[in-house]
1. Which one is nearest to residue 333 (Cα to Cα), of the residues in the stretch 202-216 that are surrounded by 19 or more Cβ atoms within 10 Å (Cβ to Cβ) and not polar (S, T, N, Q)?
2. Go through the stretch 70-90 and count every residue that is basic (Lys, Arg) and assigned to a loop (DSSP other than H, G, I, E, B).
3. Within the bounds of the stretch 366-384, is there any residue that is under 22 Å from the mean Cα position of the chain (by Cα) and in a helix (DSSP H, G or I)?
4. Taking the options 394, 315, name whichever one is touching a residue at least 12 places away in the same chain (Cβ under 8 Å) and within 24 Å of residue 75 (Cβ to Cβ).
5. Can you tell me which residue is farthest from residue 77 (Cα to Cα) among those in the stretch 87-128 that are under 20 Å from the mean Cα position of the chain (by Cα) and among the basic types (Lys, Arg)?
6. Just to be sure, is residue 238 more than 30 Å from residue 199 (Cα to Cα) and surrounded by 15 or more Cβ atoms within 10 Å (Cβ to Cβ)?
7. What is the one condition in (1) modelled with pLDDT of 95 or more; (2) out of contact with any strand residue (DSSP E or B) (no Cβ under 7 Å at 6 or more places or on another chain); (3) buried (at least 20 other Cβ atoms within 10 Å of the Cβ) that residue 265 does not satisfy?
8. Anything in the stretch 162-201 that is outside any loop (DSSP other than H, G, I, E, B), surrounded by fewer than 19 Cβ atoms within 10 Å (Cβ to Cβ) and of a type in the set (Ser, Thr, Tyr)? List them, or say none.
Amino acid sequence: MTARVVPLLLLFGAARGSAADWERDPIRYSTAPADNVLNRLAPKLADGTVRLEYQAGTGHLKSLLAALNVPESSQTLVFTKTSLQRHRIGPATPRALYFNDDVYVGFCQKGDVIEVAAPDARLGTAFYTVSQKPGDPTVRRQADNCLLCHGSSANRGVPGHVLRSVVPERDGEPSLSGSARRVDHTTPFAERWGGWYVTGTHGAMTHRGNQLAGDREPGAGQNVTDLAGRFNVKPYLTPHSDVVALMVLEHQAGVHNRLARATLEGRIALQHEDAGTERAIRELGDELADFLLFRDEARLTAEVAGTSSFRAEFAKRGPFDNRGRSLRQFDLRTRLFKYPCSYLVYSDAFQKLPAEIKEYTLRRVYAVLTGATGAKEFAHLSTADRQAIREILADTLPDKPAWWR
């Protein structure tokens with residue numbers, strides 16, 4: 001890997017200062033048992049309880065997604081050179097990414113492996129490869145390769161995900177003279193998706209997707225609903241790189257990075273039990289709560305619509321409160337969600353946080369929703385928003401504290 005690989009999706013970060021930091025107690029990243037969806041699937045693949053069907057062109061991809069309950073409609077396409085298989089990626093052969101709440105799956109045309117990143121209750125984020133050899137869907141945990149090749153100071157040393165928007169050259173390499181930036185739900189719409197294909201409509205708003213360095217008609221990359229004229233879409237499971245899926249992906253990866261940090265740094269702080277422990281819990285919990293509640297979310301100025309079934313499928317998943325409301329309901333006119341509180345409060349990664357950090361985070365969220373704090377920082381949440389979110393969580397949040405009303 002070279003320095004030019006840095007502006008990627010799923011840039012796997014190394015530990016703060018050194019990967020060796022995570023090899024000490026209580027983490028022991030390389031040798032500790034994992035706790036994630038792929039780790040639980042692997043034994044079933046090994047003993048034949050679950051079988052992955054091999055298909056020409058996509059290998060084990062389709063059946064792996066089904067086994068992990070990852071919707072094909074979540075497909076997004078990135079054409080900057082990235083991952084362990086960067087030589088297979090470019091504008092004519094983008095890398096496909098699929099995701100649900102608990103896992104991210106990367107597919108390259110003619111790739112030797114499928115790449116998987118999974119939020120992990122013990123490790124923060126765990127990385128795997130699944131063999132693409134016919135009849136041999138071997139799962140291997142990558143404790144060194146991903147961390148060494150994709151060590152990222154942008155993640156503050158925590159193994160996780162980085163989504164970036166770059167200026168891509170015509171071969172898919174990020175331009176060394178172009179700007180690159182980290183992307184999440186706080187990023188202005190106009191600065192997103194350089195190096196990505198984007199399908200969907202967004203009115204007069206513009207973004208950096210569907211374009212290469214030197215393109216003379218940048219407007220041709222906007223409000224694109226069909227990618228067929230840009231590259232051969234037939235090798236992929238769908239012809240879409242849905243703008244709504246991209247927006248959800250950006251938010252979700254940001255939450256998972258903060259969950260990973262809270263898991264790893266929180267466990268270390270709690271082990272020490274010194275004067276800094278309480279301060280660490282506050283810092284980690286505040287950062288996580290703020291992101292869960294979409295603090296500083298970039299505003300939309302036009303309605304956004306995707307091209308696939310992702311929006312409808314995602315919204316149907318719930319859970320729903322006794323009035324039929326859900327944190328998965330979209331707005332897509334002025335902001336991403338109708339009720340700005342992340343659905344990842346239901347995720348395994350959140351529910352298995354160290355108890356002290358989970359408790360503190362929920363108290364911070366509750367204080368904001370009741371108006372006890374954060375009037376200025378959370379001005380995007382109206383009184384009606386706060387009440388609705390509080391009521392939805394009261395009905396749907398598993399194992400909620402006794403003090404939640």
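The values are calculated or read from the model by the stated rules, or taken from the named source; none is laboratory data. What you see is a predicted model, and the numbers here were worked out from it, not measured in a lab. When we count neighbours, we look across all protein chains shown, and the Cβ atoms used for this are built from the backbone with ideal geometry, even at glycine.
1. The selected residue is 202.
2. 1
3. No, there is no match, as no residue in the stretch 366-384 is under 22 Å from the mean Cα position of the chain (by Cα) and in a helix (DSSP H, G or I).
4. Just one listed residue meets the conditions, 315.
5. 122
6. No.
7. The number of the failed condition is (1).
8. The one that is outside any loop (DSSP other than H, G, I, E, B), surrounded by fewer than 19 Cβ atoms within 10 Å (Cβ to Cβ) and of a type in the set (Ser, Thr, Tyr): 201.
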